[in-house]
1. Just for strands (runs of 3 or more DSSP E) wholly inside segment 169-267: which have at least 1 residues that are touching a residue at least 24 places away in the same chain (Cβ under 8 Å) and within 14 Å of the ligand (Cβ to nearest atom)?
2. Can you find even one residue in segment 36-54 that is small (Gly, Ala, Ser), buried (at least 24 other Cβ atoms within 10 Å of the Cβ) and out of contact with any Cys (no Cβ under 7 Å at 6 or more places or on another chain)?
3. Being open to solvent by 10 Å² or more (accessible area, probe 1.4 Å) and touching a residue at least 12 places away in the same chain (Cβ under 8 Å) is the filter here; which residues of segment 136-146 pass it?
4. Out of Ser93, Ser62, which single residue is hydroxyl-bearing (Ser, Thr, Tyr), closer than 23 Å to Gly194 by Cβ and open to solvent by 30 Å² or more (accessible area, probe 1.4 Å)?
5. Considering segment 148-181 alone, what residues qualify as being β-branched (Val, Ile, Thr) and open to solvent by less than 20 Å² (accessible area, probe 1.4 Å)?
6. Find the residue count for segment 336-363, including only residues that are open to solvent by 70 Å² or more (accessible area, probe 1.4 Å) and either over 23 Å from Asp302 (Cβ atoms) or not assigned by TED's automatic domain parsing to the domain that holds Arg259 (or both).
7. Just the residues that are in a loop (DSSP other than H, G, I, E, B) and more than 30 Å from Tyr167 (Cα to Cα), please, taken from segment 26-52.
Amino acid sequence: MVKIPLLDLQSQYEGMEQEVFQAIKGVYAHKLFVLGPEVKELEKEIASYSNTAYAVGVASGSDALLISLMALGIGGGDEVITTPYTFFATAGSISRLGAVPVFVDIDKRTYNISRHKLEERITSKTKAIIPVHLYGQCADMDIIMEISRKRNIPVIEDAAQAIGSEYVKNGFRKKAGSMGQLGCLSFFPTKNLGCMGDGGMILTGDAELAEKASVLRDHGIKPKYFHSLIGINSRLDTLQAAVLLVNLKYLDIWSEKRRKNAEIYNELFKANGLLDIITLPFTEFNNKHIYNQYVIRTKDRDNLKTFLKDKGIDSEIYYPIPLHLQECYRHLGYQRGDFPNAEQAARETLALPIYSKLTYQMQEKVVDTIKDFSP
Ligand SMILES: Cc1ncc(COP(=O)(O)O)c(C=O)c1O
């Protein structure tokens with residue numbers, strides 16, 4: 001039986017060994033393993049790629065969020081508005097600082113935080129808003145930034161899944177992570193730009209916030225052994241930066257291939273008459289989606305997942321329990337039914353393989369198998 005994994009890094013990195021080994025050798029030669037020259041070079045390259053003035057390399061996407069919140073001075077008792085339908089790190093970073101995540105339901109079609117319900121959740125304690133560009137599609141940034149300006153509340157974009165994704169408004173194209181006061185990237189291996197372990201980056205156009213973030217990622221040291229701030233150890237490894245500099249050259253090719261694969265799936269689902277039982281991913285007209293995940297939705301999701309698995313096809317549920325119903329957030333007092341769109345998405349969404357080296361035949365097999373499953 002031919003197996004189709006959810007992600008195949010083996011095929012993605014095929015033919016790149018020499019380039020990657022060369023980059024690793026370079027680090028071994030100079031031995032500046034922590035915050036070495038490759039980190040600085042990568043920060044420059046990613047800032048330029050994302051159209052931001054500054055970029056600060058950190059140890060993970062989770063730390064990028066944590067340090068961004070720390071740079072804004074967020075702490076005990078503060079409220080931060082975000083989505084309940086995201087990876088845990090978005091809300092976890094808020095809670096780790098003693099602040100409170102305040103959830104707003106998602107848009108049913110894009111799975112991103114709903115612009116309609118956001119403003120009514122703002123109180124005098126609201127100190128930041130964290131929209132998440134879920135699966136690789138930007139949230140409604142024009143409305144969110146308008147609210148941010150009007151109410152003077154900073155925005156941290158969680159762009160962990162969305163590097164290179166674009167929000168298009170009045171002819172301007174804005175890259176994910178470049179619209180809020182701060183933007184956070186993850187280089188976890190499953191992301192469109194992944195490294196060989198953990199890594200992340202903070203983007204900002206604000207010189208003061210950039211300086212603060214870079215001091216906070218290194219124990220608040222400035223200068224050596226003088227601590228102006230209480231920071232953490234969250235430096236991006238030079239080795240990871242060296243690998244990322246190689247991978248960055250391929251990022252747009254990989255993301256374009258994912259976008260093409262998404263189109264092929266859309267056409268195959270339509271051609272096979274499956275649109276009555278499968279809801280396709282929805283892209284807002286003003287978005288360029290980079291498909292970190294291709295997520296369909298169907299009523300009998302759990303049985304479909306098992307059926308696919310039995311036929312050798314991997315799929316994944318991002319995410320089976322929305323954050324407001326997680327055990328660790330019971331004390332926040334949310335109930336089932338509070339965020340119906342997030343709860344429905346948690347019951348019905350399924351991510352299919354979308355990686356860049358997926359072949360047309362594999363996509364046909366995925367769709368044919370879903371057709372076999374359908375009543
Ligand atoms: C939406 C979102 N936020 C934050 C993170 C955290 O990133 P990392 O795994 O690099 O810590 C992730 C990564 O999975 C994510 O998908």
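1. Numbers: elements: 172-175, 182-186, 200-204.
Per the criteria, 182-186, 200-204.
2. For segment 36-54, residues small (Gly, Ala, Ser), buried (at least 24 other Cβ atoms within 10 Å of the Cβ) and out of contact with any Cys (no Cβ under 7 Å at 6 or more places or on another chain): absent.
3. Asp140, Asp142, Ile143, Met145
4. From the options Ser93, Ser62, the qualifying one is Ser62.
5. Selection gives Ile153, Val155, Ile156, Ile163.
6. Residues meeting the conditions: 3.
7. Lys31, Leu32, Phe33, Leu35, Gly36, listed by residue number.
Every residue, every condition in (1) at pLDDT below 95; (2) not hydrophobic (A, V, I, L, M, F, W, C), yes or no:
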{"site": "Leu72", "(1), (2)": "no, no"}
{"site": "Ala99", "(1), (2)": "no, no"}
{"site": "Ile106", "(1), (2)": "no, no"}
{"site": "Glu119", "(1), (2)": "yes, yes"}
{"site": "Lys125", "(1), (2)": "no, yes"}
{"site": "Val132", "(1), (2)": "no, no"}
{"site": "Gly136", "(1), (2)": "no, yes"}
{"site": "Ile153", "(1), (2)": "no, no"}
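The values are calculated or read from the model by the stated rules, or taken from the named source; none is laboratory data. Note that this is a predicted model, so its numbers are computed, not measured. Neighbour counts are summed over all protein chains in view; Cβ atoms, including those assigned to glycine, are modelled from backbone coordinates with ideal geometry. With ligands, DNA and RNA removed, areas are computed over all heavy atoms of the protein, side chains included. Shrake-Rupley method; radii C 1.70, N 1.55, O 1.52, S 1.80 Å.
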